[in-house]
Amino acid sequence: MTIAQALTTDNLTKVEEPAPWWRQASVYQIYPRSFADANGDGLGDLPGITSRADYLGALGIDAVWMSPFYPSELADGGYDVADYRNVDPRLGTLGDFDLLIEALHTRGIRVVVDIVPNHSSDHHVWFQDALADGRGSASRERYIFREGSGPEGSEPPADWESAFGGPAWSRVADGQWYLHSFAEEQPDLNWSHPEVRADFLATLRFWSDRGVDGFRIDVAHMLTKDLTEPFPSKAMLDAMPQDGQHPLIDRDDVHEVYAEWRALFNSYDPPRTAVAEAWVARSRVPLYASPDSLGQAFNFDLLEADFDADQFRTVVRDNLELAAASGSSSTWVLSNHDVVRHATRYGLPHPDRLPDGRPSVKHGSEWVLSGGVSPEFQAADGERRARAATLFMLGLPGSSYLYQGEELGLHEVAEIPDSQRQDPTFFRSGGADSGRDGCRVPMPWAASGSSFGFGPGDAHLPQPEWFSRYSVEVEEGDPDSTLSLYRQALGLRRKLQTAETLEWIETGRNDVLRFRRPNGWEVVTNFGLTAFPLDGARPLLASSSVDGDSLPGSTTAWVMPGT
Ligand code: GLC
């Protein structure tokens, strides 16, 4: 056989293989402490999730991604991990984890877990050892300890800031300082240390052996660091290009770590998957999404876009190009545990929709500053646009990541009293940023009762009265509810999903997008106010009711010409 023939045969075999499951999956993110509380202590737990396995099965998702459920002091909602290979006793046991995996796998749902490698908790045994063993000890080498500057080292080694606000260096009792890119309780690990590298390989193997199908990698772009002294100032760091050589962010050498991880993932059958949370320049995303690295990377562009045809089209075009460049599939996200829920974002003023020209409110958490909901907030409009945006997203090639509660059309909870807030961004900003608690309020399962069915006791974050009408109990009985829409859309998507391409169809309108997938499935979204004629194409599914032949404003329809 010639080389040319061998290659051809190879290619043919590949074409015939079914695409790996993750390429076009719908993945549902669970924030375990706020999903379902089986033991009544106010915190959601693993048996709670297992008790809702039928709900997850009926939703029609392909996989669940669980935010951290590991032992944690909860300085950052569980992203401060004290033991990477265990379950927080408040959330259950490893036995409960095995039961959960079994319940989900039985229903055809894959399981992705969160790995937090940039930092551990300050309660991790390694950090406790580093504190006890003192300066110069081998245990301090696993973290980033340095002497301070200024008289008697009383100033931090550099003026760097943590991502949550405030200084990135904290001092320990013996006078040394350690680096924490996030909260003080999250010391950065030293990724130049072979034990750190080996330990994470052990963690990935531990969960893979337990049946986990994939991993979401927290702040994947920050692990490796060039800590050559003298340290640059914050101003110098900010001015440096993020081109792979920046001392702290998105360094090329982080992919040496992921190449090792990839070899481990590929030693399993089927290979374990990974998705990078990497806030990097768009041109550098393919490095993380490459099959030699993590294999897939989050794209947060939709989450940052307004409900606007032009912006959505640009985001889709750019990200499909990026996915093609890496050989991965694109990801899409409208909501997650770090941002204001999209039903709420889209209910905020938009310059194009305000006749009196009032200014747009910036997306992000700024709008929910202590005063609660903006008076200009339009809840129903927000939900309508959110449903349209979701149906648009679920029609795209690639994988969609959904966040618990968005299937109910849940809004951000703005009215959490300061005394009950938990997020370090609230505390470290001195209350200037209300933080991310508003999207982490426990799920309403029932229309009434203690914590709306979340558990037998109170919930760890207060649920507002209006949660009742968004409860699963209410929405399950309503064929027009957001939950019913998600169920239909996810079910239909499984049947319609086709090759990973799309073709734009000219609509003659700036505020209407339409695209066709290779099997003829079309997605039409009217971002505007004026109805758009469908010219005989009958909707299979629409995000709001369609009157006769025309698609109303803020609505998406899936159509199959000739049906
Ligand atoms: C990621 C997580 C966020 C967490 C941070 C630090 O951005 O999504 O919730 O606070 O990493 O671990």
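The values are calculated or read from the model by the stated rules, or taken from the named source; none is laboratory data. Here the structure is a predicted model, which is why all the values come from computation and not from measurement. For neighbour counting, all protein chains shown are included, and Cβ atoms are generated from backbone atoms with ideal geometry for every residue, glycine included. Surface areas here come from the heavy atoms of the whole protein model, side chains and all, with no ligands, DNA or RNA. Shrake-Rupley method; radii C 1.70, N 1.55, O 1.52, S 1.80 Å.
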In nm, to one decimal, how far is the residue 478 label point from the residue 507 one, both placed 7 Å along Cα→Cβ?
2.6 nm
Using 0.36 nm per residue, how much length does the chain from residue 226 to residue 468 gain when fully extended, once their Cα-Cα distance is taken away?
82.0 nm
Nearest 10 degrees is fine. How inclined is helix 254-266 to the longest principal axis of the chain, computing both from alpha carbons?
70 degrees
Using a Förster radius of 30 Å, what is the FRET efficiency between residue 161 and residue 418 based on their Cβ-Cβ separation? Nearest 0.05, please.
0.85
Å³ per residue of the Cα convex hull, for the range 111-242?
121 Å³
Within the range 313-336, backbone nitrogen closer than 20 Å to the virtual label 7 Å beyond the Cα of residue 292 toward Cβ:
322-329
Residue 438: net charge of surrounding residues, Cβ under 10 Å, Lys/Arg +1, Asp/Glu -1, itself excluded?
0
Only sites in a loop by DSSP and with at most 11 other Cβ atoms within 10 Å count here; which GluC sites (Glu not before Pro) in the range 483-528 make the cut?
506
Normalising by the residue count of the chain, find the relative contact order in percent from Cα pairs under 8 Å and 6+ residues apart.
13 percent
Expected unfolding gain across residue 263-residue 41 under the 0.36 nm per residue rule, minus the alpha-carbon gap, is 75.8 nm
Rounded to whole Å and ordered largest first, report the semi-axes of the equivalent ellipsoid of the range 484-539 derived from its Cα gyration tensor (root of 5λ).
21, 15, 10
Which whole-Hz couplings ³J(HN,Hα) result when phi for each residue of the range 502-519 is put into the Karplus expression 6.51 cos²θ - 1.76 cosθ + 1.60, θ = phi - 60°, listed in order with x for Gly and Pro?
9, 10, 6, 10, 5, 10, x, 10, 6, 9, 10, 10, 9, 9, 10, 8, x, 8
Are there chymotrypsin sites (Phe, Trp or Tyr not before Pro) in the range 275-316 that DSSP puts in a loop and that have at most 16 other Cβ atoms within 10 Å, and which ones?
279
Roughly speaking, what is the centre-to-centre gap between the range 422-468 and the range 308-340 when only Cα atoms are used, to the nearest Å?
29 Å
In Å³ and rounded to a whole number, note down the convex hull volume per residue for the Cα atoms of the range 425-474.
73 Å³
Which peptide among 532-540, 509-517 comes first, and what is the full order, when sorted by highest mean count of other Cβ atoms within 10 Å?
509-517, 532-540
Express in whole angstrom the spacing between the alpha-carbon centres of the range 38-72 and the range 240-289.
28 Å
With each pseudo-label sitting 7 Å past Cα toward Cβ, what's the residue 171-residue 202 distance in nm, one decimal?
3.5 nm
Pop a pseudo-label 7 angstrom from the Cα along the beta-carbon direction at both residue 192 and residue 210 and give the gap in nm to one decimal.
3.3 nm
Report the calculated FRET efficiency for residue 283 and residue 519 (r = Cβ-Cβ distance, R0 = 25 Å), to the nearest 0.05.
0.20
Residue-count net charge about residue 37 - beta-carbon cut-off 12 Å; Lys, Arg +1, Asp, Glu -1
0
Spatial extent of the chain: Rg and Dmax, with the Cα atoms as the point set, Å:
24.1, 79
Counting only DSSP beta bridges fully inside the chain, the antiparallel percentage to nearest 5 is 55 percent
The answer for the range 117-275, accessible area per residue at 1.4 Å probe in Å², is 41 Å²
What does the helix-only formula give at 222 nm for the chain: each DSSP H stretch with n ≥ 4 adding -39500 (n - 2.57), the total divided by the residues, and the result rounded to the nearest 500 deg cm²/dmol?
-8000 deg cm²/dmol
Ordering 39-47, 194-202, 171-179 by per-residue average of other C-beta atoms within 10 angstrom, highest first, gives 39-47, 171-179, 194-202
Compactness check, the range 369-468: C-alpha Rg relative to the 2.2 N^0.38 Å globular estimate gives 1.20
Taking 0.36 nm per residue of sequence separation and subtracting the Cα-Cα distance, how much length would be gained by fully extending the chain between residue 234 and residue 252, in nm to one decimal?
4.4 nm
Scan around residue 532 for amide H atoms under 5 Å from its own, H built in the peptide plane at 1.01 Å from N, and keep only partners 5 or more places away or cross-chain.
551
Which whole-Hz ³J(HN,Hα) couplings does the range 205-210 yield from phi under the Karplus relation 6.51 cos²θ - 1.76 cosθ + 1.60, θ = phi - 60°, glycine and proline marked x?
5, 4, 6, 4, 5, 7
